[in-house]
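Okay, structure first, notes after.
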Amino acid sequence: MTTTPSLRLLANREEVGRAALSLGRSPRISFDLESNGLFAYRARVCTVQLATDEEIFVVDTQAVDVRELGELLSSPRTVKIVHDVSFDARVLAEFGVTLANVEDTSIAARMLGRTATGLASLLASELGITIDKKMQHHDWSERPITRDALAYLGGDVVHLPALADVLFGACRARGIADAVDEETRYRLGTAAASVTAVDPRPPYVRLKGIDRVPPIELPILRRLAELREKKARELDVPPYKVVGPDILFAIAEKRPRTRDELAAIRGAMSGRARALANDILRAVEAGLADDGRIPDEDRALLDPPRPPKELVKARRAREQRLTAWRKAQAKAREVDEQVVLPGHCLQDLASLEAPTREAIAAVPGIGAFRVARDAEAILAALSGSPSEIVEEGAR
């Protein structure tokens, strides 16, 4: 007889400490978190959900520092079942918490070739379970946590063990567990590294489509994006909730001088943008005064040096040969192409102008098992030895 796990909200340090000790004695637990990334300038962990077969704990991490769970989440003894670890690990890393010893049901599903790898889709396809995702875009910084919200949070972790049993059982049966483990380690490492990585680009250079903007509009966009970033930080909201990027581009193109001209641009005087109307006009004026000039370092970012055509052509050829080899291998082994070689590994390998076995082994996420099995075939594909490529693909 299956029993329904108890569901508890924890909002003080002592309760969380006791729960962490209890959970740490379990061989595996389910884990999820919710943040307010859609509503804040910098995402904060708002809740952490932890579960065993008997208990579900929802930790209010606005009342208790998420670092109180650090020892449990980094423990090498307890497996954490997670769905899509990249985001969770990155958010935790920003607060100094390491997530380790993970089984990711999303990665397992992807390696098995499942086309729909969202949690709701997998629960439906693998277990016949339907869950309600109506609060998927909820602001989890809101307090108090309602009864409905608590039930929703518990629902995200309660079925993870059964899903993991099915998916990881299939991975072991197909002989691809090593590929899943390696990709999980890669995702965890990438998430941790992203915390210390600094994006050198100023706000306007990060705008999607900036490379298609006429040069005369760049100084205006620079001033507008700086204003938007400053206000977003002050208001603690994502920049797009101050002024949408499409509106920034429209303002730079129209170059309004008056409030009436600004109001004629769709969306430029709605929401938070209305209160910024005078600041926006001053930013446009300052951008016009720049007379098409932007800092030299920004121009270098917008128009980086292009490699010689022959190098681009050679890289493209390596990528095509490697892609063909991967496809042939996947077909021969009856596995997904990502099992043979993840896409990020393929791109890194194609960039090797002088490939060696050592250089292949140094590619992040490739794994020693792939090097042992496929290094020679990869070298053949990169160097363009068709007979070896065909032979390896046919095995």
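Readers should treat all values here as calculations from the given coordinates under stated rules, not as data from a laboratory. Only a predicted model underlies this, so the values are computations on that prediction, with no experimental measurement involved. Cβ placement follows ideal geometry from the backbone for every residue including glycine, while neighbour counts extend to all protein chains displayed.
Only one of (1) within 24 Å of G175 (Cα to Cα); (2) crowded, with 16+ Cβ neighbours inside 10 Å is not met by L127, so which one is it?
(2)
Go through segment 58-74 residue by residue and tally those that are among the polar types (S, T, N, Q) and buried (at least 17 other Cβ atoms within 10 Å of the Cβ). So that I can check it myself, show each step before the final result.
In the first step, residues of segment 58-74 are kept if they are among the polar types (S, T, N, Q); the result is 61-62, 74.
Still in the running and buried (at least 17 other Cβ atoms within 10 Å of the Cβ): 61-62.
The qualifying residues number 2.
Could you check, for segment 294-311, whether at least one of its residues is among the basic types (K, R) and more than 20 Å from Y204 (Cβ to Cβ)?
Looking only at segment 294-311, we keep the residues that are among the basic types (K, R), and these are 299, 306, 309.
Add one more test, that the residue is more than 20 Å from Y204 (Cβ to Cβ), and what stays is 306, 309.
Yes: one or more hits.
Could you list, ordered by first residue, the pairs with Cβ atoms under 6 Å in which the first is in segment 353-381 and part of a helix (DSSP H, G or I) and the second is of a type in the set (D, E, K, R) and exposed (fewer than 14 other Cβ atoms within 10 Å of the Cβ), at least 6 apart or interchain?
Every condition considered, the pairs that remain are A375/R357.
Any idea which of (1) on the phi > 0 side of the Ramachandran plot; (2) touching a His at 6+ places or on another chain (Cβ under 6 Å) is the one T105 doesn't satisfy?
Of the numbered conditions (1) on the phi > 0 side of the Ramachandran plot; (2) touching a His at 6+ places or on another chain (Cβ under 6 Å), the odd one out for T105 is (1).
Can L72 be described as over 23 Å from T4 (Cα atoms) and outside any helix (DSSP H, G or I)? Before the answer, list the steps.
Numbers: over 23 Å from T4 (Cα atoms): yes; outside any helix (DSSP H, G or I): no.
For L72, the condition - over 23 Å from T4 (Cα atoms) and outside any helix (DSSP H, G or I) - is not met.
From the list D211, D236, D260, exactly one residue is at positive phi and either among the aromatic types (F, W, Y) or surrounded by fewer than 16 Cβ atoms within 10 Å (Cβ to Cβ) (or both). Which is it? Break it down into steps so the answer makes sense when it comes.
Details: D211 fails: at positive phi; D260 fails: at positive phi.
That would be D236, the only listed residue that is at positive phi and either among the aromatic types (F, W, Y) or surrounded by fewer than 16 Cβ atoms within 10 Å (Cβ to Cβ) (or both).
Criterion first (surrounded by fewer than 18 Cβ atoms within 10 Å (Cβ to Cβ) and either touching a helix residue (DSSP H, G or I) at 6+ places or on another chain (Cβ under 6 Å) or closer than 30 Å to I251 by Cα (or both)) does A289 satisfy it? Reasoning before the result, please.
Numbers: surrounded by fewer than 18 Cβ atoms within 10 Å (Cβ to Cβ): yes; either touching a helix residue (DSSP H, G or I) at 6+ places or on another chain (Cβ under 6 Å) or closer than 30 Å to I251 by Cα (or both): yes.
Yes: the conditions hold for A289.
Out of all the residues in segment 240-251, which are touching a residue at least 24 places away in the same chain (Cβ under 8 Å) and surrounded by fewer than 21 Cβ atoms within 10 Å (Cβ to Cβ)? Spell out how you get there, then give the answer.
Of the residues in segment 240-251, the ones touching a residue at least 24 places away in the same chain (Cβ under 8 Å) are 241-243, 245, 247-249, 251.
Those that are touching a residue at least 24 places away in the same chain (Cβ under 8 Å) and surrounded by fewer than 21 Cβ atoms within 10 Å (Cβ to Cβ): K241, P245, F249.
Please go through (1) under 17 Å from the mean Cα position of the chain (by Cα); (2) part of a loop (DSSP other than H, G, I, E, B); (3) surrounded by 17 or more Cβ atoms within 10 Å (Cβ to Cβ) for S26 and return the number of the only condition it doesn't satisfy.
Unmet for S26, out of (1) under 17 Å from the mean Cα position of the chain (by Cα); (2) part of a loop (DSSP other than H, G, I, E, B); (3) surrounded by 17 or more Cβ atoms within 10 Å (Cβ to Cβ): (1).
Among the residues of segment 57-112, how many are within 19 Å of A170 (Cβ to Cβ), under 16 Å from the mean Cα position of the chain (by Cα) and small (G, A, S)?
The number of residues fulfilling the criteria is 1.
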